[in-house]
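Step one of this worksheet: look at the structure below.
Just so it is clear, none of the values below were taken in a lab; they were calculated from the coordinates. Computed from a predicted model, the values in this text were never measured in an experiment. With ideal geometry, Cβ positions are generated from the backbone for all residues, glycine too; neighbour counts draw on all protein chains shown.
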Amino acid sequence: MKVVYYFTADWCNPCKKTRPIIEEMNRETHIKFQIIDVDSELDLAKKFEIRSVPTFILLEEGTEIKRITGSQNREQLEAFINYEQNTKNDIQS
């Protein structure tokens, strides 16, 4: 099962702009975003070597597939969560 870790912080302005998009996508898409505050989840942020926020990490069965950093719009996030599917389609073409 795929999941996206969304590393964020209350003081991060780009995170504040992205948060409503994440909440909307959590209601509408099959892949869920887990919202992780780097200030309260220090061990998890350290484990994933988070250097800046927002950072999005796509995981499947607990293994990191891809990551992106910085503010993203909905279209960019949709492309990100469909990354593996797009890669498989490219190989089959």
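The figures follow:
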{"quantity": "For Rg/Rh (Cα atoms, Kirkwood Rh), calculated from these coordinates, the label among (i) 1.31; (ii) 0.94; (iii) 0.97", "calculated": "(iii)"}
{"quantity": "Within straight-line cross-link reach of Lys47, aspartates and glutamates at Cα separation under 15 Å, skipping those fewer than 8 residues along the same chain", "calculated": "Asp37, Asp39, Glu64"}
{"quantity": "Highest-first arrangement of 24-32, 65-73, 53-61, where packing means the average Cβ count within 10 Å", "calculated": "53-61, 65-73, 24-32"}
{"quantity": "Helix-only [θ]222 nm of the chain, DSSP H runs n ≥ 4, -39500 (n - 2.57) each, per residue, nearest 500", "calculated": "-12500 deg cm²/dmol"}
{"quantity": "Local electrostatic count, Lys47, Cβ distance below 11 Å [Lys/Arg +1, Asp/Glu -1]", "calculated": "-3"}
